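Structure record follows, encoded as structure tokens.
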Amino acid sequence: MRRRVLPGLPLALGITLVYVAIIVVLPLAALIFKAASLGPEDYWRIISSERAFASYRVTVLCALAATVFNLFFGLSLAWVLVRYRFPGRRLVDALVDLPFALPTAVAGIALTTLFATNGWFGGPLSLLGIKVAYTPLGIIVAMSFTSIPFIVRTVQPVLEELDPALEEAGQTLGASDLSIFVGVILPLLTPALLAGVSLSFARSLGEFGAIIFIAGNQPFSTEITALLAFIRLEEYDYPASAAIASVMLLTAFVMLAVTNLMQARALRYTARG
């Protein structure tokens, strides 16, 4: 008899499927069924209300701004951590994972304290006419803080595995540092960057705990979609809460599908190159 390459595969696969069904599929199914209990007219009325559209706008625009910031800052931070050796490097590398370990509510309180008008950062910024706490800028700060590890940790291993010979070949041919980065390094980093950006954007869309403390939570101004769904939940309007949450769920699925397609194309381009 042929021995199995992976002993215990049926048992491991069964446990995995049960875990996925209980932790992932069951809650999503409950959300979909609760939203489906509404009629088409009621569902559309809830998700297309003026307040709901305002929350979509605030959430998506702030998430996009936070993701763009994390793209440049996270790539720069990963580059520094991989390419340079300096005192305190390991400490900085460990601090990158702080948003993963820190409860989001604690992060929100800390950010509000720092960026309030009497805070360490908020005070000097207020003198320049820049208000962060209780504004959309505060939402962007909270989203950036909680989602930046996704970009750093997806790009960092790829940078560590890059063959230095590729850059040396470009330098031998007389290419500038910018040309080497754009023409040689960036295409190899593109799949990892797309993965990190998608994860960062998805985390920003769903962030709740860190935002509610610094946002101000004013309808039509600083109210995010997750908070609106939570408000409907507190009002015991479970179908409305599920309907609003289903919009976020659909957005996340569409974004992940588009990102996977872009990653596949980028990988094909890299393999051909």
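Give, as residue ranges, the helices (runs of 4 or more DSSP H) completely inside region 1-85 that count at least 1 residues that are farther than 29 Å from Ala243 by Cβ, open to solvent by 80 Å² or more (accessible area, probe 1.4 Å) and at pLDDT 90 or above. First the steps, then the outcome.
Numbers: elements: 9-20, 26-36, 40-47, 50-83.
Answer list for region 1-85: 50-83.
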Give the residue that is surrounded by the fewest Cβ atoms within 10 Å (Cβ to Cβ), with candidates limited to residues of region 245-256 that are in contact (Cβ under 8 Å) with a residue 40 or more places away in the chain and over 28 Å from Ala110 (Cβ atoms).
-> Leu256
Count of residues meeting criterion [open to solvent by less than 70 Å² (accessible area, probe 1.4 Å) and assigned to a loop (DSSP other than H, G, I, E, B)] in region 87-102 | 4
Going through region 107-128 one residue at a time, which ones are open to solvent by 70 Å² or more (accessible area, probe 1.4 Å) and either under 14 Å from Ile212 (Cα atoms) or part of a loop (DSSP other than H, G, I, E, B) (or both)?
-> Ile109, Thr113, Thr117, Asn118, Trp120, Phe121, Leu128
Residue selected from region 215-243 under the condition within 19 Å of Met143 (Cβ to Cβ) and part of a helix (DSSP H, G or I), by the criterion most open to solvent (accessible area, probe 1.4 Å) | Phe230
Output yes when any residue across region 198-205 is out of contact with any Leu (no Cβ under 9 Å at 6 or more places or on another chain), exposed (fewer than 13 other Cβ atoms within 10 Å of the Cβ), assigned to a helix (DSSP H, G or I) and at pLDDT below 90, and no when none is.
-> no
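The values are calculated or read from the model by the stated rules, or taken from the named source; none is laboratory data. Remember, it's a predicted structure, so these values are computed and weren't measured experimentally. So basically every Cβ, Gly included, is an ideal-geometry build from the backbone, and we count neighbours across all protein chains shown. Only protein heavy atoms, including side chains, enter the accessible area calculation; ligands, DNA and RNA are left aside. Shrake-Rupley method; radii C 1.70, N 1.55, O 1.52, S 1.80 Å.
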